[in-house]
Structure formats: C-alpha cells, structure tokens
Amino acid sequence: MSDQPKPKLKSIKDYVEGLAAQEAEAASAPAPEAAPEPRQQMAPSGRRARTVARLTAVQALYQMEISGVGVEAVVREFSDHRFDADLDEGETLGAADEAFFADIVRGVVAHQRDIDPAVVKRLASGWRLERLDATVRAILRSGTFELAHRPDVPTEVVIDEYVELAKAFFDAAEAKFVNAALDGIARDVR
C-alpha cells in the first residue's frame, strides 16, 4: 500500500448506478430457504439508503478533516444541500438514511479517542494513522464506529460495505487493507 493512494472514484453517479445494479440483482435472486433474523431484514431500498448514508458519512468526515468544519455544520450541510441533490443530468444520489448518516458522523467524532487507537492497533508496526490517506482514515473510522457502537448492524455487513467503498475509491490493495483492518477491529470490539 502506498503512503498516499489517489482516490479513483469516477463519479458518485457511477457508484449509485452500481448500487442500483446490485439492488436489481438482489431482487431477481431466488429467496433464501431460511429467513434472516428479524433485525437483519431490510428491504433493498433500506439497504441502499444505508449504503448511501455510509458513503456520505465518509465524504463528510473527509470534508471535516480537510476543511476543519465542525460536525453539526457538516451534518446540516449534507441534510440541507447534498441529499437528493442532482448529480448529473437530473439523476440524484438516491435516498439516504439521514438519521443513520448523522449517527455515524456524530458517533465518529464523539468516540474518536477510542476509535483511533483501535485503528492504530491494526496498522503495521511503525505506521501512524496520519500516514494513511484521509479517505482511508474516514472509511476506517466509520467502520470502527459501527463495529464498536452499532451492535444492531451485523459484522459482515459493516465490513462488506466499507470494503466496497474502499474499492470505489482505491485499488485492490487498499480494499484488502480495509478488509483486514476492519476484520481485526471486529475481533477486538465484538
């Protein structure tokens, strides 16, 4: 993994189109033999809303780190101006679970003193959190918050969602790193 990988996300529109394709594929798949536990049941649109919330939480945390804007200001900005805004040619980001988004962003800030050491514990010897790309830090902080403070969200869902986000922004090496780090953090906190 390089010191400062460059995000490769072509556009938010591409990411949202990928979500729509996954949602369509899931809708056409045969039903599982056994229904999942009730807390895990969520309509595809609900899952997509949480995926969009995670994406925007990572963006908000990145924005906070780069610009120094406070948590309440960034939550308000995203609620007032980013959700359901046009991306390109009349297409929107899609519905987001705004309460879930705000919980992640506020939770990362409120628990950062616990989150950062949990992430650092999973870095290679000699690596500092500051050495990671700001987007990777935001992904790891968000995932760690969910693993440590949202027991209602299954471990596999948290890890998979943030690995997919890493794949959207970076090459395979960073996605593998995010996977390994979050897997280790999950073992530590759950």
Residue hits (region 42-72; exposed (fewer than 13 other Cβ atoms within 10 Å of the Cβ), over 21 Å from THR144 (Cα atoms) and of a type in the set (A, V, I, L, M)) are ALA43
Scanning region 68-94 residue by residue, those at pLDDT 80 or above and small (Gly, Ala, Ser) turn out to be GLY68, GLY70, ALA73, SER79
Filter region 99-129 for residues that are modelled with pLDDT of 95 or more and of a type in the set (D, E, K, R); the one that is surrounded by the fewest Cβ atoms within 10 Å (Cβ to Cβ) is ARG113
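Does region 166-188 include one or more residues that are of a type in the set (Gly, Ala, Ser), closer than 17 Å to ALA60 by Cα and in a helix (DSSP H, G or I)?
Yes, some residue in region 166-188 is of a type in the set (Gly, Ala, Ser), closer than 17 Å to ALA60 by Cα and in a helix (DSSP H, G or I).
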Result of the Cβ filter at 8 Å on region 93-119, keeping first residues that are under 15 Å from ILE139 (Cβ atoms) and touching a residue at least 60 places away in the same chain (Cβ under 8 Å) and partners that are of a type outside the set (A, V, I, L, M) and assigned to a helix (DSSP H, G or I), at least 6 apart or interchain, is ALA118/THR144; ALA118/ASP188; VAL119/ARG137; VAL119/ARG141; VAL119/THR144
Selection from region 134-190 of residues more than 23 Å from ALA110 (Cβ to Cβ) and small (Gly, Ala, Ser) yields ALA166, ALA168, ALA172, ALA173, ALA175, ALA180
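The values are calculated or read from the model by the stated rules, or taken from the named source; none is laboratory data. Values in this document were obtained by computation on a predicted structure and should not be read as measured data. Note: ideal-geometry Cβ built from the backbone for every residue, glycine included; neighbour counts use all protein chains shown.
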